[in-house]
Amino acid sequence: MTKRTDEINLEIKAWEEKDLDLLIQLNEPKMMEYLGGPESAEQIERRHKRYLEIGSKGSMFSINLPGAEAIGSVGYWQTAWNDESVYEVGWSVLSSFQGKGLASQAVKAVIAKIKDERKYHCIHAFPSVHNAASNAICRKLGFHLITECEFEYPPGSFMTCNDWCLNLNETLDR
């Protein structure tokens, strides 16, 4: 049986200084609706610096189409959740590129990188309960819905999220 694929050739590239422009584009009100609203210029600069200096705690990437500017970001970072060290994964794709499966492809590529590290056995994602598209990506890629939870993001602000978990010991053939 042949597996049908509609995947577009995209690549994820390590976060660079020039990706600050992408971060500014991703900061539009519609894009930040489920994340506490747009960030100030200072907050964007701090986040950009964190992405550049993430080091051994994870990796951040720009999502790129062939011959085009970056269209989004995807990454993972070490965190403690329920007294366990895990990776958390997050992503964002510019509005004009949403609904094409690009975020799913980029998250899938990051999962493969995490799996190769063999550092943790679980990856968590915490999309807002109201973010249907991000929750659909988790479902599509084989994450299991654990529970709704209160999650602090941005710092000082709490939102209701779904805690999705992907067990890396399961196969990734979706």
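What follows draws every value from the coordinates through simple rules; no lab data is involved. All values derive from a computational prediction rather than experimental measurement. Cβ atoms come from the backbone with ideal geometry, glycine included; neighbour counts cover every protein chain shown.
Just a few scattered comments:
- Each Lys and Arg adds +1 at its Cβ and each Asp and Glu adds -1 at its Cβ; summed about the Cα centre, the chain shows a dipole of about 580 debye.
- Distant-in-sequence amide H partners of Leu168 (H built 1.01 Å from N, under 5 Å): Cys122, Ile123
- Take every Cα pair under 8 Å whose residues are at least 6 apart in sequence, average their separation, divide by the length of the chain, and the relative contact order is 19 percent.
- Residue among Cys161, Cys138, Cys149 with the largest mean-square fluctuation in a Gaussian network model of the chain, springs linking Cα atoms under 10 Å: Cys149
- Phi-derived couplings, Karplus 6.51 cos²θ - 1.76 cosθ + 1.60 at θ = phi - 60°, listed residue by residue for the stretch 155-169: x, x, 10, 10, 9, 8, 10, 9, 9, 9, 10, 10, 7, 6, 7 Hz, with x used for Gly and Pro.
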